[in-house]
Amino acid sequence: MSSWLVILLVLALLYLLYKLVVFVRADADLTLLSRTLDTRYFDNKVVWVTGASSGIGEELCYQLSRLGARLILSARSEDKLKVVRKGLAKPNQAKILPVDLSDPSATREATEKEKALFGGIDILINNAGVSTRSSFIDMQEPTHRRLMELDLFAPWILTHGVLSGMLSSGFGHIVVTNSVLGKFGSSGKSSLATAKFGVVGMMDSIRYEMSGRNVHVTVVCPGLVRTGISRNALLSDGSLNNKTDQHIEAGMKPQRLIGCSIFFLSLRS
């Protein structure tokens, strides 16, 4: 056997070994492994991120800023948003829009205020949300309604408020950070699953309606992510859980989730 043939066989075996390692270590859709991030997709686009003061939303802002996006950061706390903006790669390309999304009037008002910041948006990322820790029978109606306002109605109001502008400009992308609980239920999370299932149905319908109109819709349904979601979860009476679940601590880091999500979003271009 010639030396060249031996070299080719060794290279082929190394390539197969590399692919095997990638397959074993994969934590994302295997059909995406051969694709690459289109960094140009976010460059100079106006991206509105809700829930931007911590967790997934905060990491979204950091990574999108590095990719050249012009950002609108929203959450309840203006002080926390200022801290996030200071840590961005391009803080001069970010505006702050504080809003309490559990208040429908304030949410509608925010869709008008955002137009004065950059003259409209290209991408809306509905990321704000709250979880629960209560059985269905113990859940109190005011707490259930509070969750629904933030996790279901706020995305409806925001999406409804920006969609006309996207259609007028000829481009748009609606994104929701949802949950695997939008696909199946779980004990102690009936209220959360109700909202998340509703978001999936709403966005699926919008996607059909926007077909051929250059407005994209993406629903991200992550599993366990290492954030403060369990500490901030609502108990049946509306008080905070104020403790971290062990299975949340064992979840995916926000940096990894956002890396996968931004990669997937770029494929919409």
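The values are calculated or read from the model by the stated rules, or taken from the named source; none is laboratory data. Given the structure is predicted, the values throughout are model-derived calculations rather than measurements. Cβ coordinates were reconstructed from backbone atoms using ideal geometry, including for glycine residues, and neighbour counts include every protein chain displayed. Accessible surface is based on the protein model in full, side chains and every heavy atom, while ligands, DNA and RNA are left aside. Shrake-Rupley method; radii C 1.70, N 1.55, O 1.52, S 1.80 Å.
Considered as a group, the residues in segment 80-131 that are of a type in the set (Asp, Glu) and either in contact with a strand residue (DSSP E or B) (Cβ under 8 Å, 6 or more places away or on another chain) or assigned to a loop (DSSP other than H, G, I, E, B) (or both) include one that is surrounded by the most Cβ atoms within 10 Å (Cβ to Cβ), and that residue is GLU114.
Filtered by the rule that a residue be touching a strand residue (DSSP E or B) at 6+ places or on another chain (Cβ under 7 Å) and either in a helix (DSSP H, G or I) or open to solvent by less than 20 Å² (accessible area, probe 1.4 Å) (or both), segment 187-215 gives SER191, LEU192, VAL199, VAL200, MET203, ILE206, ARG207, MET210, VAL215. Scanning segment 39-61 for residues that are farther than 21 Å from GLY120 by Cα and in a helix (DSSP H, G or I), we see that the one that is farthest from the chain's Cα centre (by Cα) is THR39. Residues of segment 229-248 that are open to solvent by 90 Å² or more (accessible area, probe 1.4 Å) and either touching a Gly at 6+ places or on another chain (Cβ under 9 Å) or modelled with pLDDT under 75 (or both): ARG231, GLN246.
Within segment 132-143, the only residue that satisfies the criterion of being touching a Leu at 6+ places or on another chain (Cβ under 9 Å) and assigned to a helix (DSSP H, G or I) is THR143. Checked against (1) at pLDDT below 95; (2) within 17 Å of the chain's Cα centre (by Cα); (3) open to solvent by less than 50 Å² (accessible area, probe 1.4 Å), LEU73 passes all but condition (1).
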